[in-house]
Amino acid sequence: MSTILDSAATSARIAHRSLLGDITSVWLRETLTILRDPFSLVFSLVQPLVFLGLFAPLLAGVADDGLGFGSTLQFFLPGVVVMITMFGTSMTGANLQFEIMTGAFERILATPLARPALLIGRALKELTPLVIQAVIITLVAVPFGFDLFPAHIVVGLLILGVFGVGVGALSYSLAIATRKNEWAFWAVQQSLLFPLLILSGMMLPLETGPDWMQALSKVNPLTYIVDAERVLFSGTFDDSAVVYGIIAAIVTSAVGLWVGVRTVTKTVL
């Protein structure tokens, strides 16, 4: 009996190590694509920097009317970082669709890699460019009066990372579901992305908006992420918005991974 239990425990440890090893392999493969094409990472910084440089000054007057934060940058920059996360992670499915069309993904499915690792490793890869972009944009804002709170920003990026993994996993699921109609991926992605961003108060405060917009923002998980990032980037840990943000990130990640793993596991191209 003891031998049987020892054998089962050993098998479980091997399976556990194998899944972690597969996730690491997939993550390394996907991350190397960034190193091979660093221009795409640099180019992706242009849009958020333009938003930061041209839109933030327009909010200066609004911020002075009582948004609750020390400066316009303190209010606007966390929203820009969230925007980077949403744009980056929600579009990752397009890369998968390209691999499906070229047959690369089909060959990967034929490997002994655990299928859940294909999804989890790809989703974790989204953390790498996200952290780099967020750090660069934050440092760029410091000379213009942005107050830097490193520990709080690290926590904020961790929350965004967890949230981004969930959104990335959902994007991969959408890519697989629409693999025979590429246009459908972009139609769904664009139709959901901008309403979610606007209804999160990412760019403008929703307190002055109509009641229906404020009601919709309450059921938008991105709202709680934006609120948590603004609180953390302003140097505060002790706020309920941080707790709600962590919960929203974990729930989004869990749902995204659950849907994504099920989709990849059942995929037959």
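The values are calculated or read from the model by the stated rules, or taken from the named source; none is laboratory data. These numbers come from a predicted model, not from an experiment. All Cβ positions, even for glycine, are placed from backbone atoms using ideal geometry, and neighbour counts span all protein chains on display. Accessible surface areas use protein heavy atoms only, side chains included; no ligands, DNA or RNA. Shrake-Rupley method; radii C 1.70, N 1.55, O 1.52, S 1.80 Å.
A few points about this structure:
- For the range 117-132, the condition of being of a type in the set (A, V, I, L, M) and outside any helix (DSSP H, G or I) holds for none of the residues.
- Any hit, the range 158-179, residues being of a type outside the set (Gly, Ala, Ser), over 17 Å from the mean Cα position of the chain (by Cα), modelled with pLDDT under 90 and surrounded by fewer than 16 Cβ atoms within 10 Å (Cβ to Cβ): no
- For the range 122-147, filtering for residues that are of a type in the set (Ser, Thr, Tyr) and surrounded by 20 or more Cβ atoms within 10 Å (Cβ to Cβ) leaves 1.
- Failed item, numbered, when Phe75 is tested on (1) in contact with a helix residue (DSSP H, G or I) (Cβ under 8 Å, 6 or more places away or on another chain); (2) part of a loop (DSSP other than H, G, I, E, B); (3) at pLDDT 80 or above: (2)
- Residue list for the range 92-121, restricted to those being open to solvent by less than 20 Å² (accessible area, probe 1.4 Å) and either under 12 Å from the mean Cα position of the chain (by Cα) or farther than 19 Å from Thr178 by Cβ (or both): Thr92, Ala117, Gly121
- Candidate set: the range 210-240, residues that are among the hydroxyl-bearing types (Ser, Thr, Tyr) and in contact (Cβ under 8 Å) with a residue 60 or more places away in the chain; chosen: the one farthest from Phe194 (Cα to Cα): Thr236
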